[in-house]
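Participant: Structure below; questions to follow.
The values are calculated or read from the model by the stated rules, or taken from the named source; none is laboratory data. Quick caveat, the model's predicted, so the values are computed rather than measured. Here the Cβ is made from the backbone with ideal geometry for all residues, glycine too, and neighbour counts use every protein chain on show.
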Amino acid sequence: MANLRRMIYLKIARKLSRRSSGPVPSIISDGTKLRGNIASNGTIQIDGKIEGDINCDELIIGVKGNVVGTVVANNLFL
């Protein structure tokens, strides 16, 4: 199941990178916990836990993703 999930994430990353000339998404993996604010001009994918504010162009929060804080994003996918 983990391999399938990783493959799906990589396909999403490739599609997003083709849509824009920017880099692939920054990914916070399942099992990762971060404290602090995150700011990005690109795409962020959260599968772990973030304790802090997120400001980005596009945010993808996975099934196990958890954000405790304020989110400011032009596009949000849950």
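Participant: I need a count of the residues in the stretch 50-78 that are crowded, with 17+ Cβ neighbours inside 10 Å and either more than 11 Å from the chain's Cα centre (by Cα) or small (Gly, Ala, Ser) (or both). Spell out how you get there, then give the answer.
Facilitator: Restricting attention to the stretch 50-78, the residues satisfying the condition of being crowded, with 17+ Cβ neighbours inside 10 Å are 50, 54, 56, 58-62, 65, 67, 73.
Subset that is either more than 11 Å from the chain's Cα centre (by Cα) or small (Gly, Ala, Ser) (or both): 62, 65, 73.
Residues meeting the conditions: 3.
Participant: Let me ask you something else. Check every one of the strands (runs of 3 or more DSSP E) wholly within the chain and list those with 2 or more residues that are at pLDDT below 95. Show your work before the answer.
Facilitator: Working: elements: 26-28, 33-35, 43-46, 49-51, 54-61, 66-68, 71-77.
In the chain, 26-28, 43-46, 54-61, 71-77 are the strands (runs of 3 or more DSSP E) which contain 2 or more residues that are at pLDDT below 95.
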